């Protein structure tokens, strides 16, 4: 009878853990679906030509810098050049953000699968499973926020590129042809 008082709480505790097991597995499956969605949206918003865009924008800026000669600069042109420079500088961070999110998705898939296996097999500290699930949920939420910021910045950058590039390219070529035979100062 004495043993019953010691064994009964242990059996109750283990059965409660097994009741949570279904909720924990379900939460992990939901997070896996969210991660799959994040990956899909990320790939749909990939800028696969970032190096080419960087080269094109650098070339336009250098051509204007080397061949445009004026005592004063038109305010509208100055604003466009400034916006163009801001856009060009954001291309590198966009590429790095994409890679960070992509790597985060891969790592999170692995972490979720490992946690799911641990819960299914009863490995590790069973009392901390809920804590581990919450931790992974926070990481999935962080990836979702990073993706939202990436898409917002990508859309802004590409809109700026599409609005300005052709006009500034044409402007740079016009000044290049006017001054290509002229010696570039400092060279």
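So for each of 57-68, 76-87 I average, over its residues, the number of other beta carbons within 10 Å; can you give me the resulting order with the highest mean first?
57-68, 76-87
Kirkwood Rh and Cα-based Rg: tell me the resulting Rg over Rh for the chain, rounded to two decimals.
1.33
Per residue, what volume in Å³ does the Cα convex hull of the stretch 113-187 take up?
180
What nm value, rounded to one decimal, do you get for the distance between residue 176 and residue 138 when each label is placed 7 Å out toward the C-beta?
Placing both labels 7 Å along Cα→Cβ, they lie 5.2 nm apart.
Given the rule -39500 (n - 2.57) for each run of at least 4 DSSP H residues, summed and divided by the residues of the chain, what is its mean residue ellipticity at 222 nm, to the nearest 500 deg cm²/dmol?
Calculated mean residue ellipticity at 222 nm is -31500 deg cm²/dmol.
Which FRET efficiency, nearest 0.05, do residue 48 and residue 152 yield, Cβ-Cβ r, R0 22 Å?
In this case the efficiency is close to 0.70.
Set the Förster radius R0 to 25 Å, insert the Cβ-Cβ distance between residue 36 and residue 99 as r into 1/(1 + (r/R0)^6), and round the FRET efficiency to 0.05.
Taking R0 as 25 Å, the efficiency between residue 36 and residue 99 is 0.85.
Quickly work out the residue 75-to-residue 159 label distance, labels modelled 7 Å from Cα along the C-beta direction, and quote it in nm with one decimal.
2.3
None of the figures in this text is laboratory data; all of them are computed from the coordinates on show. Computed from a predicted model, the values in this text were never measured in an experiment. Positions of Cβ are backbone-derived with ideal geometry, glycine not excepted, and every protein chain shown enters the neighbour counts.
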